[in-house]
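Undergrad: Before I ask anything, let me first share the structure, which is written out below as structure tokens.
The values are calculated or read from the model by the stated rules, or taken from the named source; none is laboratory data. Computed from a predicted structure; not experimentally measured. Heads up, the Cβs are rebuilt from the backbone with ideal geometry, glycines too, and the neighbour counts pull from every protein chain shown. Note: areas computed on protein heavy atoms with side chains; ligands, DNA, RNA excluded. Shrake-Rupley method; radii C 1.70, N 1.55, O 1.52, S 1.80 Å.
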Amino acid sequence: MASESEQPVDAAVIGGRLVALVADRDTATLSHALSAMAFNPHPGSGYPDYEQVLEWAIQAITDVVVARLGPAPPGQEFALAIHRRNGDEIDPAHLPQSRDWVLRTAGMFLADDPEARRERLEAAGRHPDPVQRATLLADALIWLDFLLDADAPDPPDLAA
């Protein structure tokens, strides 16, 4: 019988722990965890790899968006935009590269384009700079934490 340490660990478990570190503002532990994942993006041994956790984080972002706003009406798609507190829209070209990547990738998830999102996730996992890999995952986790805490309208009533 396998010990608990040999049991597979789901990407959602790791992602949830990382989001909790973001929410707790435990930057030391978060930095250590992100570094471990970014410098060894395919750890094996029953642990999810970097791409799996990144995919979980982006999927969770889109799940929160859909839960808060409801599904896109037939024939329409979500358009993600970022606004300042005063309501002004932020041009995605002015976002840091990692934040733009998160925004565009979440848009691909919302558009249900599995091929494009798979390519983006694989490219992120193959990125030669582990600091960039860590930054992408950190930004996804920070955005997820923000969305979970953001005031949002009640979701629309859906027919059962």
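Undergrad: Would you mind working out the accessible area per residue for the chain, using a 1.4 Å probe, and quoting it in Å²?
TA: 62 Å²
Undergrad: If you don't mind, another one. What size of dipole, in debye to the nearest 20, comes out for the chain about its Cα centre when the only charges are +1 on Lys and Arg C-beta atoms and -1 on Asp and Glu C-beta atoms?
TA: I would put it at about 340 debye.
Undergrad: I would also like to ask the following. Would you kindly state how much longer the chain becomes between D91 and R68 on full extension, computed as 0.36 nm times their sequence separation minus their alpha carbon distance, in nm to one decimal?
TA: 6.0 nm
Undergrad: For segment 1-114, what's the relative contact order in percent, using C-alpha pairs closer than 8 Å and at least 6 residues apart?
TA: Relative contact order, segment 1-114: 23 percent.
Undergrad: Same structure again: Put +1 on the Cβ of every Lys and Arg and -1 on every Asp and Glu Cβ in segment 1-115; which of P74, V64, L21 then has its Cα farthest towards the positive end of the dipole?
TA: Checking the options against the dipole of segment 1-115, the answer is L21.
Undergrad: Another question about this same structure. Computed FRET efficiency, Cβ-Cβ of D129 and E77, R0 30 Å: what is it to the nearest 0.05?
TA: Using R0 = 30 Å, I get an efficiency of 0.40.
Undergrad: Ignoring ligands, DNA and RNA, what percent of the accessible area of the chain is carbon or sulfur (1.4 Å)?
TA: The nonpolar share, carbon plus sulfur, comes to 53 percent.
Undergrad: Moving to a separate point now. Using the alpha-carbon atoms, what tilt in degrees (0 to 90, nearest 10) does helix 11-23 show relative to the longest principal axis of the chain?
TA: Taking Cα atoms only, the helix is inclined about 70 degrees.
Undergrad: Let me ask something else. Please work out how much length the chain gains when fully extended from H42 to D113, using 0.36 nm per residue of separation minus the C-alpha to C-alpha distance, in nm with one decimal.
TA: 23.1 nm
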